[in-house]
Amino acid sequence: MKKKTLGRTGLQVSSLCLGTMQFGWTADEAMSSRILSAAVEAGINFIDTADIYSRWADANPGGVAEQIVGRWLHQGGIKREDLVIASKVRGNMGGGPEDEGLSKKHILKSVENSLRRLQTDYLDLYQAHWPDDSTPIEETLAAFDELVKQGKVLHIGASNYAAWQLMQALWAADRTGLARFECLQPHYNLLHREEFERELAAVCRTYQIAVIPYSPLAGGFLTGKYRRNLLPNSARADSARRYFTERNWDLLDRMDTLAREKNATVSQVALAWLLANPLITSPIIGANSLEQLDDNLGAVAVRLTAAETTSLDEATTWKEKE
């Protein structure tokens, strides 16, 4: 699997990143461990998690995905230095209203808990899960910078930041000499383009910010499992309903045709569209089974022509025609 550099860090990451939001939710620990092992065997070295994964699931207090990754990491035969492990901080971990945010106190407390759960003494990448309007960006960056200097975190990044918030953070880091965000984790896929493309894309291109989009398959809609007259039983079915429009059904029809021509699947075409964009570093894939993982991994072999990419662009554009 091809590698790309994560921003200016020098970290070499696989062209697909394995997300872990489903671990302890729609994939139990045994399956999660098998998915991790199969992904690494296939060439993935980039694993993304977060402290809150997955507090919304029944009997999940948060931290479960990190614990699963940590136990898997110490099964044997896995070299920590061969992996790029990323986690995030911001969400409430159940300790009351003060047990959240991007204050120095919360960040320094949370990183220790994440390191303990992951059973590692450092994170390759630590990310602000989403902004915290109640904390000055300088305080947040100072806390991250302290962790970098301590060696507990190698690099930092942001997720779900608007363009102005990302620019504010970059400017503050430049002005104060603190560690800067080297990557952005945006919500980005064929059906959710405007949020990233309108302004964030230009910021990332100009300032060499790595882009690791989440939800590349639009909550499962771009797998093709949802159809006009088919609503399968799925934990994400409710979130996928937002995409049930005639325009999007027509897109699936177009992707079906393209997938047949490429001897691929709809999921692979959706991921290949992202991989064809030189600005994208590593889309974050999630799998509940080895079959889903294999399907996602197959995307790296799918090559879209410029005409095919343009066709998908035009079918999902958010821009008004001039």
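Read-outs throughout are calculated quantities, based only on the coordinates presented, and are distinct from any laboratory measurement. Please read these numbers as outputs of a predicted model, since none were measured by experiment. In this analysis, Cβ positions are derived from the backbone assuming ideal geometry, glycine residues included, and neighbour counts consider all displayed protein chains.
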At 222 nm, what helix-only mean residue ellipticity would the chain give, in deg cm²/dmol to the nearest 500, using -39500 (n - 2.57) for each DSSP H run of four or more?
-> -11500 deg cm²/dmol
Rounded Å value of the spacing that divides the Cα centres of region 4-72 and region 161-201 = 23 Å
Semi-axes, largest first, in whole Å: what does sqrt of 5 times each Cα gyration tensor eigenvalue give for region 118-241?
-> 33, 18, 12
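Taking N as the number of residues in region 20-164, what is its alpha-carbon radius of gyration divided by 2.2 N^0.38 Å?
On the way: Rg = 15.0 Å, N = 145, 2.2 N^0.38 = 14.6 Å.
Working it through for region 20-164, the quotient is 1.03.
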Over the Cα atoms of region 248-322, what Rg and Dmax result, in angstrom?
-> 12.9, 45
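What is the dipole size for the chain, taken about its Cα centre, with +1 at each Lys and Arg Cβ and -1 at each Asp and Glu Cβ, in debye to the nearest 20?
Values: 36 positive and 41 negative charges, 84 e Å.
Roughly 400 debye, rounded to the nearest 20.
Rounded, prolate or oblate: pick one for region 11-57, where a ≥ b ≥ c are the square roots of the eigenvalues of its C-alpha gyration tensor, a/c under 1.5 means rounded, and failing that, prolate if a/b is larger than b/c, else oblate. Let's see the in-between values first.
Values: a/c = 3.40, a/b = 1.51, b/c = 2.25.
Oblate is the answer for region 11-57, as a/c is 1.5 or above yet b/c matches or exceeds a/b.
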Qualifying aspartates and glutamates (Cα of each under 17 Å from Cα of Lys3; at least 8 residues distant if same chain) | Glu41, Asp48, Glu81, Asp82, Asp124, Glu182
Once the chain is represented by equal point scatterers at the alpha-carbon sites, with solvent omitted, what log10 I(q)/I(0) does the Debye formula produce at q = 0.08, 0.09, 0.14 Å⁻¹?
-> -0.35, -0.45, -1.13
